[in-house]
Amino acid sequence: MGLCPQQWLKFSLRIKLTLLIESLVVIIVVVTGIITTMREKESLESELRKRGLALAADVAKFTTSPMLSNDLPTLRRFVNHSMEQDYVRYVILLDPQGKVVMHSNLKEVGKIYRDSMTAVAMKSEKHGSFRASLPENGEHYYDIYTPISLEDARLGTVRLGYSYMAVEKEIASARRQIFVIGMITILIGGISAYLLAAFISLPIKKITDATGKVAAGDLITRLTIRRNDEIGILANSFNEMTENLRKTTISRDYVDNIIGSMNDTLVVLEPDARISSVNKATCELLGYGEEELIDRDMHKILPMEETLFSDSGFQRVLAGEKIINLEIDYLAKEGTRVPMLFSATVLKDKEGRIEGVVGIARDITERRKAEEALRQSEWELRKLSAQLLTAQEEERRRLSVELHDELGQSLMVLKLKVRAIQRAWGAEAGLKKECDAVINYINEVTENVRRLSRDLSPSILEDLGLTIAVRRLVESSGKLYNIDCVLDMTELDALFSRDQKITVYRIVQECLTNIAKHSLASHVAITLRRQEDSFFFEVKDDGQGFDVQDAFGRDHAHYGLGLSAMHERVRMLGGALKVESRKEQGTSISFTLPL
Amino acid sequence: MSIRELGNGIVAFLFFFCLLAGLSSAEEGGKKIVIAVSPCSDVVLSFKKFHPLVTYLQAETGMEIKLVFPPDAAEFEAQIKNKDIDFAFQDPNVYVKFAPLYDQNTLLKALSLKGGVLQSGAVVTRKDSNIKTMKDLVGKSVMFGSKLSASKWVVAKMLFEENGIDIDKDLAMYANGGCCEDILFNVFLKAFDAGVVCDHFLDEHAKKQRELGVNAQELHVIATTRWVPTRVFSARKDVDGKIVSSFDRALLKLNSSNPEHAKILYSAEVGGFQQAKDEDYDEMRALIGEKKAR
């Protein structure tokens with residue numbers, strides 16, 4: 001058709017189909033026409049020769065008698081009759097010597113022919129033909145010859161000129177017919193091609209238009225093509241696909257909305273660690289546009305030193321290892337680092353094929369700040385607490401000294417005075433007894449004051465050291481609370497500073513006090529041992545135990561200051577208090593300090 | 001005679017009457033009328049010539065007609081005597097010979113194309129043959145008409161004799177041909193140096209000449225024979241008179257002014273028919289007798 005590819009591509013499907021089908025029709029028509037014409041020509045030529053031969057044979061047969069009798073008029077009539085046949089150009093009757101006995105042109109009668117065709121014709125015992133053309137007008141014809149024989153005698157030869165015009169006319173007529181039929185066929189073919197193309201292309205165009213609408217976002221579009229063929233199936237499939245897409249899009253939009261609404265960042269990585277998707281929060285947090293992150297290596301947003309996503313790390317995630325709430329840093333566009341709480345898991349499709357890794361991270365900058373503030377606050381609080389404890393210890397010491405020195409002395413003076421009174425006035429029986437009672441009471445008070453002073457600030461600790469102080473404390477508590485106390489203790493004094501010793505002492509003291517108040521224990525094991533480079537402390541009883549969670553879950557108003565103080569003291573020492581207790585199974589309070 | 005017997009007799013009579021009538025009509029309806037035509041040696045040509053006339057007669061008479069062309073006098077005689085021929089259309093010399101066998105009251109004579117009752121023969125040669133007179137025919141070849149022909153044979157021979165030519169001795173060869181166009185064709189093709197044809201043929205039968213390719217301009221008449229009567233249409237004596245009458249009426253009805261009749265007449269090379277008497281052919285008888293006497 002002579003069209004360049006670019007021009008061809010511009011045509012619609014209907015036009016293309018029409019042109020293709022029409023081209024096919026034209027080719028078929030042309031080829032059929034050519035083949036038909038050729039076969040018609042062959043057939044006509046064969047038929048022409050046959051007719052000519054038949055005519056010549058008839059002439060030969062019917063001129064046998066007049067040739068024998070030299071009946072020229074009869075021969076003439078045969079020749080005339082033969083000449084009346086269509087396309088006969090001449091009839092020649094020759095005698096065996098080549099003399100013209102009768103001819104369609106009477107002027108030739110009597111002449112002797114010596115040409116090659118005559119020679120061949122006269123010698124031949126069978127019929128035959130030559131192709132020749134008339135000299136006057138160039139018309140093609142067959143020169144058909146056949147012998148005139150009677151028994152074995154050769155009476156002569158018939159030569160009959162049979163025009164090829166018959167074939168030419170028939171061919172021309174056939175060509176005209178074929179041309180007309182071909183034109184009609186091409187016309188009908190063109191119309192049919194157009195209708196067929198329209199039949200095929202129209203629903204395809206509808207599908208194309210509908211697909212365009214779907215591509216533009218109109219998922220309500222539906223096709224109403226009712227056909228029981230592939231196009232009908234395609235239309236139904238399109239409707240199903242669109243409906244599924246609509247549902248998926250709704251779901252996707254819902255998910256997209258969720259993802260878009262997320263405050264947390266979402267990053268999806270390809271198996272090759274390239275970023276395939278990020279959400280809005282990620283872009284806003286890191287200051288990138290989406291296009292700046294998509295298809296970039298993950299180290300665009302992760303520091304290179306982040307080993308989490310080293311080759312082996314990433315492969316582990318791809319293998320199924322989950323990362324949950326790991327604190328890492330993201331790299332913002334301006335180069336700053338953003339602390340994130342990162343979780344990741346492998347992303348797989350329905351068939352279980354790995355599609356990549358999904359990472360969700362939350363900006364914990366504020367949390368870090370809060371933690372820092374909290375740590376600072378804790379530090380300050382602990383500092384304050386330590387200061388308070390220290391102040392408390394100082395106050396206790398002061399009170400102990402005051403009690404011991406002032407109150408104790410005062411009580412001692414009081415006792416002496418009462419004794420003096422007793423001695424002075426002791427002769428009266430009643431008074432002596434009262435004075436004894438007062439002295440006994442003063443002794444009790446003095447003892448209590450001493451004890452109280454001791455409790456407030458065990459001087460033994462300063463005087464004799466922690467080891468002896470703890471031992472004396474355990475012994476006295478055991479006796480006081482009627483609890484079997486077993487002490488396993490190594491030399492402690494060299495391990496701690498003065499303030500630390502007081503703290504350790506207070507911890508032991510508090511433990512024993514709590515046991516006495518709450519545990520109803522009968523047996524207590526106390527361990528204070530140095531273990532290579534650490535110090536191990538444990539107080540374990542067989543008491544009724546308590547709910548540790550409940551105890552620590554109580555609000556501050558109900559939370560015992562004892563445990564709280566212990567926690568703080570242990571923290572001051574650099575350790576962490578560990579409390580283990582179960583109902584009816586006793587309690588264990590322990591900590592370990594690095595030395 | 002009882003009524004029953006009378007009735008039976010009437011029925012039998014009627015039966016036989018119908019039978020006879022049927023036989024009669026069957027006899028008449030089934031019989032073909034045979035017409036012999038001479039002299040024409042070419043059956044096909046002769047059939048072509050007389051078929052229109054036969055068709056006309058069949059239509060007029062309601063009879064089925066068959067044409068025959070006896071090749072010679074002997075065959076002609078045999079057919080007449082055997083009653084194989086009902087009618088004959090022949091030259092006067094043939095009529096004269098078989099006159100006693102015909103019904104001489106119903107004779108018809110054919111008119112020439114010009115309406116005459118006489119005909120003659122014409123000796124024709126090629127203009128380029130250098131044969132200008134009868135005497136130039138000595139040593140030449142001549143084609144006469146059929147031996148049944150009066151003008152092209154009987155009086156033609158007389159013409160040669162009158163010009164001192166013994167056809168058996170003085171001619172290189174002679175032959176008896178068929179119809180005039182054949183004779184003319186042979187002369188035209190120089191197969192024969194001269195031929196004897198009907199006197200009107202050269203002038204009046206251009207179509208037949210053209211059919212054979214004869215150019216009459218290349219031929220000329222060098223002599224004509226004496227006049228003889230035209231041809232006779234006669235019926236065999238015991239042919240049913242009604243049939244004869246119907247044929248005669250039909251032939252006499254032919255009129256050359258009528259275009260349809262003219263075609264029929266022209267094809268048969270006659271100008272029409274008129275009634276004839278046997279006496280009309282006494283001259284012919286005398287001529288033949290004169291010839292025999294010689």
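The values are calculated or read from the model by the stated rules, or taken from the named source; none is laboratory data. Predicted model, so just to flag it, every value in this text is computed and none were measured. A quick note on method: Cβ atoms are made from the backbone with ideal geometry, for glycine too, and the neighbour counts reach across all protein chains shown.
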Residue satisfying condition, being surrounded by 12 or more Cβ atoms within 10 Å (Cβ to Cβ) and at pLDDT below 85, within set A:472, A:451: A:451
Failed item in (1) among the β-branched types (Val, Ile, Thr); (2) assigned by TED's automatic domain parsing to the domain that holds residue A:68; (3) under 24 Å from residue A:13 (Cβ atoms), with residue A:158 passing the rest: (3)
Condition met for residue A:423 (in a helix (DSSP H, G or I), surrounded by 12 or more Cβ atoms within 10 Å (Cβ to Cβ) and of a type outside the set (A, V, I, L, M, F, W, C)): no
Strands (runs of 3 or more DSSP E) contained in the range B:65-146 and holding at least 2 residues over 21 Å from residue B:189 (Cα atoms) and of a type in the set (A, V, I, L, M): B:102-111
Tally, over the range B:189-211, of residues that are within 12 Å of chain A (Cβ to nearest Cβ) and touching a residue at least 60 places away in the same chain (Cβ under 8 Å): 2
Residue match in the range B:90-110 (condition: out of contact with any strand residue (DSSP E or B) (no Cβ under 6 Å at 6 or more places or on another chain) and within 14 Å of chain A (Cβ to nearest Cβ)): no
Unmet criterion (only one of (1) in contact with a helix residue (DSSP H, G or I) (Cβ under 6 Å, 6 or more places away or on another chain); (2) within 14 Å of another protein chain (Cβ to nearest Cβ)) for residue B:154: (2)
Subset of the range B:158-188 [of a type in the set (A, V, I, L, M, F, W, C) and more than 14 Å from chain A (Cβ to nearest Cβ)]: B:158, B:159, B:160, B:165, B:167, B:171, B:172
Residue count, the range A:310-366 (criterion: free of Cβ contacts under 8 Å to residues at least 40 places away in the same chain and either in contact with a Phe, Trp or Tyr (Cβ under 9 Å, 6 or more places away or on another chain) or part of a strand (DSSP E or B) (or both)): 16
Flag if residue B:130 is over 25 Å from the mean Cα position of the chain (by Cα), over 24 Å from residue B:75 (Cβ atoms), without any contact (Cβ under 8 Å) to a residue 12 or more places away in the chain and away from every other protein chain (no Cβ under 14 Å): yes
Residue in the range A:553-562 that is assigned to a helix (DSSP H, G or I) and closer than 23 Å to residue A:457 by Cβ present: yes
Residue, farthest from the other protein chains (Cβ to nearest Cβ), within the range B:212-237, restricted to residues that are at pLDDT 90 or above and part of a loop (DSSP other than H, G, I, E, B): B:237
Count of the range A:128-152 residues which are farther than 18 Å from residue A:47 by Cα and modelled with pLDDT of 85 or more: 4
Residue match in the range B:199-209 (condition: surrounded by 16 or more Cβ atoms within 10 Å (Cβ to Cβ) and among the basic types (Lys, Arg)): yes
Those residues of the range B:147-171 which are outside any helix (DSSP H, G or I) and either farther than 20 Å from residue B:288 by Cβ or over 19 Å from the mean Cα position of the chain (by Cα) (or both), in sequence order: B:163, B:164, B:165, B:166, B:167, B:168, B:169, B:170, B:171
Test result for residue A:493, modelled with pLDDT under 85 and either over 19 Å from residue A:568 (Cβ atoms) or in a helix (DSSP H, G or I) (or both): no
Hey, residue A:519 modelled with pLDDT of 90 or more and outside the structural domain of residue A:405 (by TED's automatic domain parsing) or not: no
Residues being surrounded by 14 or more Cβ atoms within 10 Å (Cβ to Cβ), assigned to a helix (DSSP H, G or I) and away from chain B (no Cβ under 12 Å) - total across the range A:62-116: 3
Residue A:174 in the same structural domain as residue A:117 (by TED's automatic domain parsing) and surrounded by 13 or more Cβ atoms within 10 Å (Cβ to Cβ): yes
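Each row is one residue, and each column tells you yes or no for (1) more than 53 Å from the chain's Cα centre (by Cα); (2) surrounded by fewer than 16 Cβ atoms within 10 Å (Cβ to Cβ); (3) assigned to a helix (DSSP H, G or I).
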site	(1), (2), (3)
A:182	yes, no, yes
A:188	yes, yes, yes
A:193	no, no, yes
A:203	no, no, yes
A:206	no, no, yes
A:209	no, yes, yes
A:212	no, yes, yes
Among (1) loosely packed, with under 15 Cβ neighbours inside 10 Å; (2) within 26 Å of residue B:182 (Cβ to Cβ); (3) away from chain B (no Cβ under 14 Å) - the single one residue A:151 does not satisfy: (2)
Residue B:251 vs. criteria surrounded by 14 or more Cβ atoms within 10 Å (Cβ to Cβ), in a helix (DSSP H, G or I), touching a His at 6+ places or on another chain (Cβ under 9 Å) and touching a residue at least 40 places away in the same chain (Cβ under 8 Å): no
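A quick yes/no check of all residues on (1) part of a helix (DSSP H, G or I); (2) over 22 Å from residue A:394 (Cα atoms); (3) within 60 Å of the chain's Cα centre (by Cα); (4) charged (D, E, K, R):
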site: A:461; (1), (2), (3), (4): yes, no, no, no
site: A:468; (1), (2), (3), (4): yes, no, no, no
site: A:474; (1), (2), (3), (4): yes, yes, no, no
site: A:479; (1), (2), (3), (4): yes, yes, no, yes
site: A:504; (1), (2), (3), (4): yes, no, no, no
site: A:508; (1), (2), (3), (4): yes, no, no, no
site: A:518; (1), (2), (3), (4): yes, yes, no, no
site: A:544; (1), (2), (3), (4): no, yes, yes, no
